[in-house]
Each structure stands twice: as structure tokens, then as C-alpha cells.
Amino acid sequence: MATRELAAVERSSAQPTIKTSAILIVACVALMTVCSWIRVPGPIPVTMQTFAVFFTVSLLGTRRGAIAIASWLAIGLAGAPVFAGMIGGLPYLLGPTGGYIIGFIGTAFVTGAIIDRLGSKIPAMILAMVAGLAVCYAFGTAWFMVISAGSMTLQGALAMCIVPFIVPDLIKIALAIVLFKLFGERVRSYAAKH
């Protein structure tokens, strides 16, 4: 058997079963919900949602990570109080921060694609998560400007929606990487055998 075919067989046999994947997806939906409820007080409150998105994608990979995030989004859209402030429903997504929430899907695909391509070494994960964060910022800021109906310049939107969150988001990226390295790799390895 050719080396490339052997590698493909090894990758396919190392995938978690459907049952294990479902359990991990449900666990990550719960993690995202709890992290949405955690608010770090300050002039602009900070939630742990971004951390949960990065950890979920690192643990589950691109496809299952996007499924977990889309499931969380759908549960919230249906009205369950899974978003920040224990709120759910369409009005929350149509509000000023809705673009960031929807942007998490793009974040999952970009972050996951880079990790899939470059591996889970720390420099690759940093690059993947910073790129994913940029996607989230782009979605969120664009939506915020639409909601503000032209009353906000791009510079004003960046100053309000991104600048105060850069340092907290970089801390959340570091936390996601550390926890993935401490626990996530073991969970993923265990899941691949069951």
C-alpha cells in the first residue's frame, strides 16, 4: 500500500465514533453556554465566548467544531438563554453584538483549516486563532456598523468594538492553547480510540 493511502487509512481509523463525537459536541455546546454566561466586569464587560470557540475548534477539529458552534447558535436562535446575559432569541442576534456571534462560524472554519494544515504546535495554533479572531472582528464590526445605520465611522467602530478587546482576547487565546495542550490533546486521543 502506498504511503499516502496508508496515512489516509490511519487518519480515518483514528476518528472518534459517531457516539463519541456527539458527546464531545454536546459537551462543547455546554462549554460555550457557560462561557457566555461568565462576564468579567469592567468598563466594557468581557465574556469567555471566544475562549470557548477556540478550545472547541482545537478539540473537535474544523467540521465537528463548526457543528458544535452552529448547534449552540441554533439553540440560542430558538430562544434558549445560551448567549451572554443568559439571553436567547433572534432579537439578540439582530442586536449590536450579533455579528460577532455569527462570526464564530467563520472563526471556526479559518482556525480549524489552519490547524488542520499546520498542525497543533503552539506557533501554528497562535496563528490559527489570531486569524480566526480577525474573522470574528470583521463580521462583528461590519454588523455593528450596519446596526448603527451610518452614525458610526469605521475608525469609531474599531475603537469601540475591537481595541478594548484585543488584550482580553489574546489572553483567551493563550488560555485556550494552554488548556488544549494540558487536557485537550489527551481527550482527543482518547476519543479517537472509542
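What fraction, in whole percent, of alpha-carbon pairs in the range 92-151 exceed 16 Å separation?
46 percent
Kindly sort Asp116, Asp169 by accessible area of their heavy atoms, largest first, with the probe set to 1.4 Å.
Asp116, Asp169
Would you mind listing how long the range 127-194 runs along its three principal axes, going by Cα atoms, in whole Å with the largest first?
Its Cα atoms span 54, 23, 16 Å along the three principal axes.
Count the lysine pairs in the chain that are 8 or more places apart or on different chains: how many have C-alpha atoms under 19 angstrom apart?
Lysine pair count for the chain: 5.
Which residues' amide hydrogens lie under 5 Å from the amide hydrogen of Met152, considering only partners 5 or more residues apart or on another chain, with H built in the peptide plane?
Correct list: empty.
Please give the direction-averaged projected area of the C-alpha convex hull for the chain, in square nanometres with one decimal.
If you wrap the Cα atoms of the chain in a convex hull and average its projections, you get 11.8 nm².
Just the number, please: carbon plus sulfur as a percent of the accessible area of the chain, 1.4 Å probe, no ligands or DNA/RNA counted.
75 percent
Give a residue-ordered list of calculated ³J(HN,Hα) values for the range 156-165 (Karplus: 6.51 cos²θ - 1.76 cosθ + 1.60, θ = phi - 60°; whole Hz; x for Gly, Pro).
x, 5, 5, 5, 8, 9, 10, 3, x, 9
Would you report the distance distribution of C-alpha pairs in the range 80-194 as whole percents per 5 angstrom bin, up to the bin with the largest distance?
2, 11, 16, 19, 18, 15, 10, 5, 2, 1, 0
Between Val46 and residues 5 or more places away or on another chain, which pairs have amide H atoms under 5 Å apart, with H built 1.01 Å from N, and which residues are they?
When sequence neighbours closer than 5 places are left aside, the close amide H contacts are Val40.
Quick one: helix 122-147 against the long Cα principal axis of the chain, what's the angle to the nearest 10°, folded into 0 to 90?
Rounded to the nearest ten degrees, it is 30.
Rolling a 1.4 angstrom probe over the protein heavy atoms, how many square angstrom per residue are accessible across the chain?
Dividing the accessible area of the chain by its residue count gives 53 Å².
Protein chains only, probe 1.4 Å: how do Met129, Met48 rank by accessible area, largest first?
Sorted descending by solvent-accessible area, the residues read Met48, Met129.
Tell me the angle of helix 166-179 to the major Cα principal axis of the chain, expressed in degrees between 0 and 90 and rounded to the nearest ten.
20 degrees
The values are calculated or read from the model by the stated rules, or taken from the named source; none is laboratory data. Just so it is clear, the model here is predicted, and its values are computed rather than measured. Ligands, DNA and RNA are stripped out before the accessible areas are found, and what is left, the full protein with its side chains, is counted by its heavy atoms. Shrake-Rupley method; radii C 1.70, N 1.55, O 1.52, S 1.80 Å.
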